[in-house]
Amino acid sequence: MRRRITRTLLAAAAAGVTAGTLGLTAVGAADAAVSHTASGNIGPTMATTSTAGYEASGRDFRYISSTITVPDTSFLTRLYPQEYVQLSNGSLGGGDQYIRAGIESCVVAESYGYTCTPGSWVSFVEAFDNSLNGPYFSHYSELSGVNQGDGVNFSIYYDEQGNELHFVITPPSTSGPTQYYKTQAYGAIFQYADAVDDFTNSTGVPIPLPPFIHAFRINQFLQGAITTEHGLKGSFVGPWTTTPVIATSNGLVPPSGTTRVSPNPLWSDGLSANGAVRPWDAFGVWAR
C-alpha cells in the first residue's frame with residue numbers, strides 16, 4: 001500500500017543472504033507438498049481486498065528479513081503485486097510510518113519515474129513518514145539476469161540508538177552485488193512486521209485483482225526472520241502473534257467473501273536466517 005505522493009529517488013541501506021543459488025526449485029517443491037501447521041500464537045485470519053501473506057504483531061520490532069522469489073509466471077510482469085517485507089506502526093502499513101523492501105514489476109517502478117527494461121523486475125526500498133509528506137527515502141535497482149523463481153534476500157534493520165534505518169538487498173550472483181543503503185529514522189515504534197503480496201496502486205487504493213482462471217503460486221517468502229525491539233528472535237513465528245492475511249472478493253473472511261489470493265500454511269525450508277535455522281520460516285502466496 002504505497003502512499004499518495006510521488007516518491008523521491010534517493011539512496012537507501014541493508015544486508016542479507018542470497019537464495020537464488022540455494023536450490024529454490026527443490027525448496028519450491030516443498031511448498032506444494034508440505035502442509036505444516038506452525039506452533040506458536042497464530043491469530044485468526046485477517047481478510048483484505050488487496051493483500052496476502054503474514055503479519056506479526058503484539059511486540060515492537062526492529063528487524064525483518066526474507067528471501068523473496070521472483071513471481072512464477074511471466075504475465076505478472078505488467079501487473080501488480082508488489083512483494084515485500086515491512087516494519088510499520090499500523091497494521092499492514094496503515095499507520096503514519098513504514099519501511100519496506102521488496103520486488104515489483106518494471107511497470108510499477110516506471111509509474112514512480114524509474115527507467116527500466118520492459119518486462120523486467122525491480123528491487124525497491126522505501127521509507128514513509130507522514131509528517132514529512134513522504135516517502136522521504138527510496139531506491140530502485142533493476143534485477144537483470146534473474147529468472148522466475150530466483151530468490152532475492154531483503155533485510156530491514158531499525159537502529160534505534162543510532163536513529164538509522166538499514167537495508168540490505170542480496171540478489172543472485174547473476175544479478176549483481178549486494179546492495180547496502182541507510183537513511184535516518186524518525187523515532188517510530190514499529191508494532192507490526194509484514195511479509196506480503198500487495199495489490200494496491202501508487203495512491204494506496206486496491207486495484208482490481210486480475211482474473212485467475214486456474215490456481216497458481218505467485219511467489220514464495222523463504223528464510224523468514226524477525227527480531228523484536230528487545231532482541232527476541234524468531235522466524236515468521238515467535239513470541240508474538242502471527243496473523244494470516246488473505247485477499248477476498250469483498251474484504252470479508254470466507255464464507256462471507258471468496259478467497260482470491262492467500263498464503264500457504266507456514267512450513268520450514270531448513271535454511272539459516274538471522275544466525276539460525278528456525279521452523280515455520282517459509283510460505284507461498286497463491287492465486288486461487
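Over the C-alpha atoms of the stretch 143-198, the Rg to Rh ratio, Rh being the Kirkwood estimate, stands at 1.06.
3J(HN,Hα) couplings calculated from phi for the stretch 147-162 with the Karplus curve 6.51 cos²θ - 1.76 cosθ + 1.60 (θ = phi - 60°) are, in sequence order, 10, 4, x, 5, x, 10, 8, 10, 9, 10, 10, 9, 8, 5, 5, x Hz; Gly and Pro show x. Largest first, the extents of the alpha carbon coordinates of the stretch 24-287 on the three principal axes equal 48, 43, 36 Å. Under 5 Å from the amide H of Glu164 lie the amide H atoms of Asp159, Ala185, each residue being 5 or more positions distant or on a separate chain, with H modelled from the backbone and absent for Pro and chain starts. About the centre of its Cα atoms, the stretch 24-287 shows a dipole size close to 360 debye [charges on the beta carbon of Lys, Arg (+1) and Asp, Glu (-1) only; nearest 20 debye].
Compactness of the stretch 121-169 was expressed as the Cα radius of gyration divided by 2.2 N^0.38 Å, which yields 1.40.
Converting phi to 3J(HN,Hα) with the Karplus coefficients 6.51, -1.76 and 1.60 and the offset θ = phi - 60°, the stretch 179-192 yields 10, 10, 9, 8, 8, 6, 10, 10, x, 6, 9, 8, 8, 9 Hz in sequence order, with x at every glycine or proline.
Sorted on the mean count of surrounding Cβ atoms within 10 Å across their residues, most packed first, peptides 254-263, 51-60 read 51-60, 254-263. Global size of the stretch 173-288: 16.8, 47 Å for Rg and Dmax (C-alpha atoms, Rg to one decimal, Dmax whole). Ranked by how many other Cβ atoms sit within 10 Å of their own Cβ, fewest first, the residues Arg62, Arg288 fall in the order Arg288, Arg62.
For an R0 of 41 angstrom, estimate the FRET efficiency from the Cβ-Cβ distance between Asn130 and Thr174 and round to the nearest 0.05. It comes out at approximately 0.60. Under a 5 Å amide H cut-off, with hydrogens placed 1.01 Å from N, Gly134 pairs with Asp129 among residues at least 5 apart or on other chains.
A short reminder: the numbers here are calculations on the coordinates, not readings from a lab. For clarity, every value in this text was computed on a predicted model and none was experimentally measured. Positions of Cβ are generated from backbone atoms using ideal geometry, with glycine treated the same way; all protein chains shown enter the neighbour counts.
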